[in-house]
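The structure appears below as structure tokens.
The values are calculated or read from the model by the stated rules, or taken from the named source; none is laboratory data. Since the structure is predicted, the reported quantities are computational estimates derived from the model, not experimental observations. Note that we place each Cβ from the backbone using ideal geometry, even for glycine, and neighbour counts take in every protein chain shown.
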Amino acid sequence: MDIAETIGGTLTEREFSPFREKWNIFRKDRSAVFSLWFLIFLFVLAIAAVLLTKYSSPFNPATVRLPEKFLPPLTPFTSDLVQLEDAPPFNIYLLGTDELGRDVFSRMLQGTPVSLTIGFVAVSISVSVGVLLGGLAGFYGRIRLGPITVDTLIMRFVDLMLCFPTFFLILTVVALLPPNIYNIMIVIGLTSWMGTARLVRAEFLSLREQDYVMAARSQAIPEMRIIFQHIMPNAIAPVLVSATIGVATAILTESALSFLGFGVQPPDATWGNILSDGKGFIFDAPWLTFIPGFTILFVVLAFNLCGEGLREAYNPKLRQQR
Amino acid sequence: MTAFLVRNIGQRLILLVFISIIAHSVVHLAPGDPSLVDPMNPRMKPEDIARIRAAFHLDDPLHLQYAYWMRDLFTGQLKSFKDNQPVLEKLWDRFLNSLPLFLVTTLITWCVAFPFGVQAAVNRGSMLDKGGTLLAYTLISFPGFFLAYICIIFMVKVFDIPVIGMRTFGLEDAGLWFQSMDRIWHLTIPALIFASGSIAVLSRYVRSQMLEVIHMDYIRTARAKGLSEETVIYKHGLRNALLPFITMFGLLIPGLIGGSVIIETIFSWPGLGRLGYEAILNRDFPVILTLNFIAAILTLIGTFLSDILYAVADPRIKLN
């Protein structure tokens with residue numbers, strides 16, 4: 001603590017750098033910092049999980065041990081009926097076993113990268129579409145295509161997409177398409193970009209009129225470079241904030257789809273389909289429901305709290321009120 | 001004013017046409033069609049499938065199918081693929097079942113979210129605010145179906161409340177009082193769970209709106225005049241903070257219909273969301289399409305009304 005303060009004291013100059021300033025605000029929100037560490041831990045875990053579940057036999061989530069089914073969490077492995085090479089990691093069922101005697105801990109591990117990937121890829125798709133359409137509407141909005149302007153065209157399309165009941169639309173498409181992880185990511189991404197598009201458009205509309213854009217134009221810098229090097233960095237902050245919360249929403253949507261049976265299909269495990277498989281045994285083996293349920297809750301909560309911390313840090317309006 | 005109304009309605013009608021086209025293309029372009037619902041059925045011969053496809057116009061080009069759908073919809077002739085019942089009648093029955101759920105949910109949401117959000121904003125940084133923020137985020141992050149399962153187990157075990165369906169089976173001969181209490185108990189739990197997520201979201205919005213308003217000059221003026229804190233907050237503050245929520249009214253409708261899929265499925269509530277879910281499972285295209293279409297119409301009516309209300313409530317807005 002002392003060291004940190006002395007370093008902070010000697011670095012007064014650097015406290016004025018934009019990133020430093022935001023980090024200082026973010027740091028004050030203890031729940032956001034805690035969530036950030038939790039998420040970093042989760043990423044490390046996800047990377048480890050990919051390697052472990054693939055190459056290490058105790059971590060194999062597909063190992064079926066029929067004599068060992070429905071064991072509660074923290075049961076040590078003592079069975080004579082199961083071969084030794086099928087023993088769970090550390091010779092203990094950390095999170096119990098399911099109806100086929102598969103180790104829930106390994107299955108949850110396998111689900112971690114899958115669920116995170118769905119969240120991140122879906123959000124990348126929605127952010128790309130949103131930034132592209134919002135940026136077009138904001139920067140080239142005045143150009144006329146026949147009777148209507150680009151801005152009208154794009155924003156009416158946004159209005160149109162907002163009229164659909166999103167979850168119902170996702171459900172319709174996912175139910176009709178063959179159920180696999182890619183379709184789910186694409187469909188979630190393509191139905192959730194409207195908020196981003198509106199944000200980016202509003203940012204571009206105000207940034208387009210700034211003096212530094214005028215200066216860049218007067219130097220005959222190509223338009224694409226103005227957009228991507230001069231305007232975009234200034235418009236991206238609110239997008240990143242909403243993307244953080246978007247990841248949370250995408251993970252929730254995936255779990256809801258899995259719950260209804262349209263999600264990632266077995267034998268691949270995600271948190272959502274472990275929960276939906278486990279719900280049938282909620283009275284005999286409550287851990288099969290509660291472990292994935294609370295995992296989803298905590299991860300989504302961490303993304304949301306992190307997003308809220310970022311929002312506070314990047315919103316100058318809120319800061320003035322302190 | 002009249003010009004504004006005419007133009008506004010015209011725009012919405014054009015939007016509606018595009019919505020119907022997109023909904024139609026999405027459903028019909030995706031692979032998987034009604035004749036494939038039961039591929040293992042040995043009695044389904046290829047000629048039967050061909051007959052079904054012809055009867056449902058599934059072999060016609062897309063624009064023709066769209067024309068058939070529109071014609072049948074507006075003449076009220078549209079029949080469900082599954083049971084050949086008129087779609088509009090089916091939807092109307094289910095809508096009547098969903099309506100109490102929607103109304104009670106909305107009522108609970110608004111009645112809880114507003115006082116709570118206002119208090120959190122007024123006492124910014126207090127225990128109430130911090131605890132409320134954490135609680136709100138927990139509720140937003142809770143997977144709805146998981147919360148529903150926990151609630152069902154808890155409520156049934158502790159309070160012995162009936163939760164599944166709209167009424168207890170076999171109570172048709174019971175007295176009116178008994179029946180209506182039974183109905184209300186069946187409604188309570190789904191509505192509470194349905195509302196929990198939106199309470200959290202809405203109270204966060206109310207809080208941030210109030211925070212913006214509270215720092216306005218007219219609030220300081222009102223305090224300087226010596227008005228009581230109650231009057232300042234609720235009469236001067238809240239009324240201004242409320243304005244943006246008028247516009248939210250219309251956009252809540254798609255969420256209600258989409259969100260009800262899970263809640264109604266879990267609680268076996270025979271409403272619109274469940275009908276939609278069943279229709280999706282059966283590839284019942286007319287029902288899916290019409291449900292989407294009606295949701296869009298309701299949303300457009302909702303946003304239209306809120307636009308007008310906004311102008312009525314805020315004299316600074318000029319309709320032109």
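Can you spot a residue in the stretch A:287-301 that is on the phi > 0 side of the Ramachandran plot and under 22 Å from the mean Cα position of the chain (by Cα)? No, the stretch A:287-301 contains no residue that is on the phi > 0 side of the Ramachandran plot and under 22 Å from the mean Cα position of the chain (by Cα).
Could you run through the stretch B:11-45 and say how many residues are at pLDDT below 85, under 25 Å from the mean Cα position of the chain (by Cα) and away from chain A (no Cβ under 11 Å)? Adding up the residues that qualify gives 0. Checked against (1) modelled with pLDDT of 85 or more; (2) over 22 Å from A:VAL123 (Cβ atoms); (3) of a type in the set (Val, Ile, Thr), A:ILE282 meets all criteria but (1).
Determine whether the stretch A:238-246 contains at least one residue that is closer than 30 Å to A:SER206 by Cα, touching a residue at least 12 places away in the same chain (Cβ under 8 Å) and within 10 Å of another protein chain (Cβ to nearest Cβ). Yes, the stretch A:238-246 contains at least one residue that is closer than 30 Å to A:SER206 by Cα, touching a residue at least 12 places away in the same chain (Cβ under 8 Å) and within 10 Å of another protein chain (Cβ to nearest Cβ). Among the residues of the stretch B:252-293, count how many are outside any helix (DSSP H, G or I) and at the interface with chain A (Cβ under 9 Å from one of its Cβ atoms). Residues in the stretch B:252-293 being outside any helix (DSSP H, G or I) and at the interface with chain A (Cβ under 9 Å from one of its Cβ atoms): 1 in total. For the stretch A:59-82, taking the residues that are part of a loop (DSSP other than H, G, I, E, B) and aliphatic (A, V, I, L, M), the one that is nearest to A:THR289 (Cα to Cα) is identified as A:LEU71.
Within the stretch A:170-186, track down each residue that is within 7 Å of another protein chain (Cβ to nearest Cβ) and hydrophobic (A, V, I, L, M, F, W, C).
The initial filter retains those residues of the stretch A:170-186 that are within 7 Å of another protein chain (Cβ to nearest Cβ), namely A:171-173, A:175-177.
Those that are within 7 Å of another protein chain (Cβ to nearest Cβ) and hydrophobic (A, V, I, L, M, F, W, C): A:LEU171, A:VAL173, A:ALA175, A:LEU176, A:LEU177.
Under the condition of being polar (S, T, N, Q) and either over 22 Å from the mean Cα position of the chain (by Cα) or within 14 Å of chain B (Cβ to nearest Cβ) (or both), the residues counted in the stretch A:118-151 number 1. Applying the set (1) assigned to a loop (DSSP other than H, G, I, E, B); (2) within 25 Å of the chain's Cα centre (by Cα) to B:ARG183 leaves exactly one unmet item: (1).
Annotation note: Cβ proximity below 7 Å between a residue of the stretch A:146-161 that is within 14 Å of A:GLY135 (Cβ to Cβ) and a residue that is of a type outside the set (Gly, Ala, Ser) and buried (at least 16 other Cβ atoms within 10 Å of the Cβ) (sequence gap 6+ or interchain) occurs for A:VAL150/A:LEU136; A:VAL150/A:TYR140; A:ILE154/A:LEU133; A:ILE154/A:LEU136; A:VAL158/A:MET194; A:VAL158/A:ARG198.
Please tell me if A:ILE296 is within 8 Å of chain B (Cβ to nearest Cβ), surrounded by 18 or more Cβ atoms within 10 Å (Cβ to Cβ) and part of a helix (DSSP H, G or I). It would help to see each step written out before you state the result.
Working: within 8 Å of chain B (Cβ to nearest Cβ): yes; surrounded by 18 or more Cβ atoms within 10 Å (Cβ to Cβ): yes; part of a helix (DSSP H, G or I): yes.
Spelling it out, A:ILE296 is indeed within 8 Å of chain B (Cβ to nearest Cβ), surrounded by 18 or more Cβ atoms within 10 Å (Cβ to Cβ) and part of a helix (DSSP H, G or I).
Consider the stretch A:170-182 and keep the residues that are buried (at least 17 other Cβ atoms within 10 Å of the Cβ) and within 19 Å of the chain's Cα centre (by Cα). The one that is farthest from B:THR303 (Cα to Cα) is A:ILE181.
Please specify each residue of the stretch A:101-154 satisfying the condition of being of a type outside the set (A, V, I, L, M, F, W, C), outside any helix (DSSP H, G or I) and farther than 30 Å from A:PHE59 by Cβ. Before the answer, list the steps.
From the stretch A:101-154, those of a type outside the set (A, V, I, L, M, F, W, C) are A:101-103, A:106-107, A:110-113, A:115, A:117, A:119, A:124, A:126, A:128, A:130, A:134-135, A:138, A:140-142, A:144, A:146-147, A:149, A:151-152; that's our starting set.
Now restrict to residues that are outside any helix (DSSP H, G or I): A:101-103, A:140-142, A:144, A:146-147, A:149.
Listed by number, the residues that qualify are A:TYR140, A:GLY141, A:ARG142, A:ARG144, A:GLY146, A:PRO147, A:THR149.
Residues in the stretch A:178-194 that are part of a loop (DSSP other than H, G, I, E, B), at pLDDT 85 or above and more than 28 Å from A:ASN315 (Cβ to Cβ): none. Remark: pairs (first residue in the stretch B:167-196, buried (at least 18 other Cβ atoms within 10 Å of the Cβ); second residue basic (Lys, Arg); Cβ separation under 9 Å; 6+ apart in sequence or on different chains) = B:HIS186/B:ARG167.
Suppose the filter is more than 11 Å from chain A (Cβ to nearest Cβ), of a type in the set (S, T, N, Q) and assigned to a helix (DSSP H, G or I); does B:SER306 pass it?
On the way: more than 11 Å from chain A (Cβ to nearest Cβ): yes; of a type in the set (S, T, N, Q): yes; assigned to a helix (DSSP H, G or I): yes.
For B:SER306, the condition - more than 11 Å from chain A (Cβ to nearest Cβ), of a type in the set (S, T, N, Q) and assigned to a helix (DSSP H, G or I) - is met.
Filtering the stretch A:252-270 to residues that are more than 9 Å from chain B (Cβ to nearest Cβ) and in contact (Cβ under 8 Å) with a residue 24 or more places away in the chain leaves A:THR253, A:GLU254, A:LEU257, A:GLY263, A:VAL264, A:GLN265, A:PRO267, A:ASP268, A:ALA269, A:THR270. Selection of the stretch A:106-151 for residues being modelled with pLDDT of 90 or more, hydroxyl-bearing (Ser, Thr, Tyr), over 30 Å from A:PHE90 (Cα atoms) and surrounded by fewer than 22 Cβ atoms within 10 Å (Cβ to Cβ) yields A:SER124, A:SER128. Looking at A:PHE105, is it free of Cβ contacts under 8 Å to residues at least 40 places away in the same chain and farther than 30 Å from B:ARG12 by Cα? Taking the combined requirement at face value, the residue satisfies it.
Name the helices (runs of 4 or more DSSP H) wholly within the stretch A:2-58 that hold at least 3 residues that are under 27 Å from A:THR244 (Cβ atoms) and at pLDDT 70 or above? Let's see the steps before the verdict.
On the way: elements: A:2-10, A:18-28, A:30-55.
The helices (runs of 4 or more DSSP H) meeting that bar are A:18-28, A:30-55.
Note on the stretch B:103-160: residues that are assigned to a helix (DSSP H, G or I) and either within 14 Å of another protein chain (Cβ to nearest Cβ) or without any contact (Cβ under 8 Å) to a residue 40 or more places away in the chain (or both) amount to 38. Selection of the stretch A:152-169 for residues being more than 9 Å from chain B (Cβ to nearest Cβ) and either among the aliphatic types (A, V, I, L, M) or crowded, with 19+ Cβ neighbours inside 10 Å (or both) yields A:LEU153, A:ILE154, A:MET155, A:VAL158.
Of the residues A:ALA197, A:ALA175, A:ALA215, A:ALA202, which is part of a helix (DSSP H, G or I) and touching a Leu at 6+ places or on another chain (Cβ under 6 Å)? Even if it seems obvious, please write down each step before you answer.
Values: A:ALA175 fails: touching a Leu at 6+ places or on another chain (Cβ under 6 Å); A:ALA215 fails: touching a Leu at 6+ places or on another chain (Cβ under 6 Å); A:ALA202 fails: touching a Leu at 6+ places or on another chain (Cβ under 6 Å).
Among A:ALA197, A:ALA175, A:ALA215, A:ALA202, only A:ALA197 is part of a helix (DSSP H, G or I) and touching a Leu at 6+ places or on another chain (Cβ under 6 Å).
Could you tell me whether the stretch A:152-174 includes any residue that is closer than 22 Å to B:LEU252 by Cβ and of a type in the set (S, T, N, Q)? Yes, the stretch A:152-174 contains at least one residue that is closer than 22 Å to B:LEU252 by Cβ and of a type in the set (S, T, N, Q).
Got a sec? Which of A:ALA256, A:ALA269, A:ALA248 is buried (at least 22 other Cβ atoms within 10 Å of the Cβ) and either modelled with pLDDT of 90 or more or among the polar types (S, T, N, Q) (or both)?
Working: A:ALA256 fails: either modelled with pLDDT of 90 or more or among the polar types (S, T, N, Q) (or both); A:ALA269 fails: either modelled with pLDDT of 90 or more or among the polar types (S, T, N, Q) (or both).
Checking each option against the conditions leaves just A:ALA248.
Return a yes/no flag: does the stretch A:207-221 have any residue that is surrounded by 16 or more Cβ atoms within 10 Å (Cβ to Cβ), away from every other protein chain (no Cβ under 13 Å), within 30 Å of B:PRO143 (Cβ to Cβ) and among the aliphatic types (A, V, I, L, M). Looking for residues that are surrounded by 16 or more Cβ atoms within 10 Å (Cβ to Cβ), away from every other protein chain (no Cβ under 13 Å), within 30 Å of B:PRO143 (Cβ to Cβ) and among the aliphatic types (A, V, I, L, M), one finds none in the stretch A:207-221, hence no.
Could you please let me know if A:ILE236 is surrounded by 13 or more Cβ atoms within 10 Å (Cβ to Cβ), assigned to a helix (DSSP H, G or I) and hydrophobic (A, V, I, L, M, F, W, C)?
On the way: surrounded by 13 or more Cβ atoms within 10 Å (Cβ to Cβ): yes; assigned to a helix (DSSP H, G or I): yes; hydrophobic (A, V, I, L, M, F, W, C): yes.
Judged against the criteria, A:ILE236 is a match.
Checking the condition more than 30 Å from B:ILE219 (Cβ to Cβ), more than 14 Å from chain A (Cβ to nearest Cβ) and either at pLDDT below 85 or touching a Phe, Trp or Tyr at 6+ places or on another chain (Cβ under 8 Å) (or both), which residue from B:LEU171, B:LEU187 passes? Selected residue: B:LEU171, the only one of B:LEU171, B:LEU187 that is more than 30 Å from B:ILE219 (Cβ to Cβ), more than 14 Å from chain A (Cβ to nearest Cβ) and either at pLDDT below 85 or touching a Phe, Trp or Tyr at 6+ places or on another chain (Cβ under 8 Å) (or both).
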